[in-house]
1. Show me the helices (runs of 4 or more DSSP H) entirely contained within the range 255-337 in which 2 or more residues are under 30 Å from A145 (Cβ atoms).
2. What are the residues in the range 32-53 that are surrounded by fewer than 18 Cβ atoms within 10 Å (Cβ to Cβ) and either among the basic types (K, R) or farther than 25 Å from R302 by Cβ (or both), if any?
3. So if I check each of I54, I6, which one is under 23 Å from V306 (Cβ atoms) and in contact with an Asp or Glu (Cβ under 8 Å, 6 or more places away or on another chain)?
4. How many of the residues making up the range 306-337 are touching a helix residue (DSSP H, G or I) at 6+ places or on another chain (Cβ under 7 Å) and under 18 Å from V64 (Cα atoms)?
5. Name the helices (runs of 4 or more DSSP H) wholly within the range 66-135 that hold at least 1 residues that are buried (at least 18 other Cβ atoms within 10 Å of the Cβ) and touching a residue at least 12 places away in the same chain (Cβ under 8 Å)?
6. Which one is surrounded by the fewest Cβ atoms within 10 Å (Cβ to Cβ), of the residues in the range 222-240 that are farther than 11 Å from G194 by Cα and touching an Asp or Glu at 6+ places or on another chain (Cβ under 9 Å)?
7. Pull up the range 196-229, narrow it to residues that are polar (S, T, N, Q) and part of a loop (DSSP other than H, G, I, E, B), then point me to the one that is farthest from ligand 2 (Cβ to nearest atom).
8. Which residues, counting only those in the range 149-183, are within 15 Å of ligand 2 (Cβ to nearest atom) and in contact with an Asp or Glu (Cβ under 6 Å, 6 or more places away or on another chain)?
Amino acid sequence: MPKQRILTGTRPTGSLHLGHYAGALENWVRLQDEYECFFLIADYQALSDHLGEIERIRESVIEVTLDWLAVGLDPHRSAFVIQSYIPEHAELTMLLSMLVPLNRHQRNPTLKAEMAQLEEENAELSLGFFNYPASQIADIILPKAHLVPVGEDQAPHIEYTRQIARRFNRAYGEVFPIPRALIGRVPRLVGLDGKAKMSKSLDNAIYLSDGAGTVERKVKRMVTDITGTHPRLRPTDPGVVEYNPVFEYHDAFNPDAAEVADLKERYRAGRVSDSEVKERLIKALNDFLDPIRERRAAYAARPDDVRAALLDGTGRARRTAEQTMQEVREAMRIIYT
Ligand code: ATP
Ligand code: MG
């Protein structure tokens, strides 16, 4: 039996952060043996709202690759794929755009939220951005993926992919598997500022490549009360643990469950300071990040290996993409001679 396939990825719009790790990367690393994996660097999709920042995208392609290598993705087992090097992504996106009902597209909640955010920043909204969910569907079904490990914000896109893949299969015959989403251990990691999602765009992240001093500075500035209704002024004030970002990070990244339980108990009772809880978090995060930093530095010193990983994976994905597009053209009978 050939292995089932995974397609998932990231936009090269910056380095990867703790939210990526707990929401997605951790599953990717774990599933590399069980599945044939395609990890996509979605540079077309990055251009949809960062068209004027091509240098940032170019740097981020390498940064993301270093982050992937650092957390233990293995370019020999898994294919690292540059989206724009495989024109079939654009071709299938275009064909799928014919199949996607406009009113269904306009209802996508993740797209709506992101468009609202861009509008708030007075950014110009491109047609390419509006169409990115269709391009994401093409990304997923091009290698005929069965599983898509992602953070919770992506769930509507996967549901959308399932609908469109079914629609294609009904219209033209069974070409595509219907992919399932797999949401990570922490579905949506909160930001340092208490906003619902740690995100590159919101500048509220701890990056996998942050040094120990940066982590310390960021944690010290973290909000502990997202509502602003329970200000805790003294260590003797009873504190609220629920929806407290500092405790959410402890739960996500501190392996010492007994320590976390003890801190929570003392926090609720007013027997520990915010700064002690933060000190313990700084230690836990730096312990977690140290081996990642070491592996990252080792790969950063070998840029030829990093480039080879990208080109090799992209080559493998391209052959798969060409096969699928041949099947798509035959199924749709877009053959005239
Ligand atoms: P951008 O703001 O550029 O969209 P992003 O931080 O949302 O950046 P993506 O490249 O869009 O990053 O996301 C890559 C993967 O990481 C997706 O599967 C996404 O669901 C997941 N992810 C991103 N942020 C978080 C988070 N805070 N918690 C859990 N998962 C996350
Ligand atoms: Mg995103």
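1. Because the criterion is at least 2 residues that are under 30 Å from A145 (Cβ atoms), the helices (runs of 4 or more DSSP H) in the range 255-337 that meet it are 274-300, 303-332.
2. Those that are surrounded by fewer than 18 Cβ atoms within 10 Å (Cβ to Cβ) and either among the basic types (K, R) or farther than 25 Å from R302 by Cβ (or both): E34, L51, G52, E53.
3. I6
4. The number of residues fulfilling the criteria is 4.
5. It comes to 88-99, 109-120, 127-130.
6. This residue is P231.
7. Ranking the candidates gives T229 first.
8. Once the filter is applied, which keeps residues that are within 15 Å of ligand 2 (Cβ to nearest atom) and in contact with an Asp or Glu (Cβ under 6 Å, 6 or more places away or on another chain), the range 149-183 yields only I183.
The values are calculated or read from the model by the stated rules, or taken from the named source; none is laboratory data. Quantities reported herein were computed from a predicted structural model and do not represent experimental measurements. As a convention, Cβ positions derive from the backbone with ideal geometry for all residues, glycine included, and neighbour counts pool all protein chains shown.
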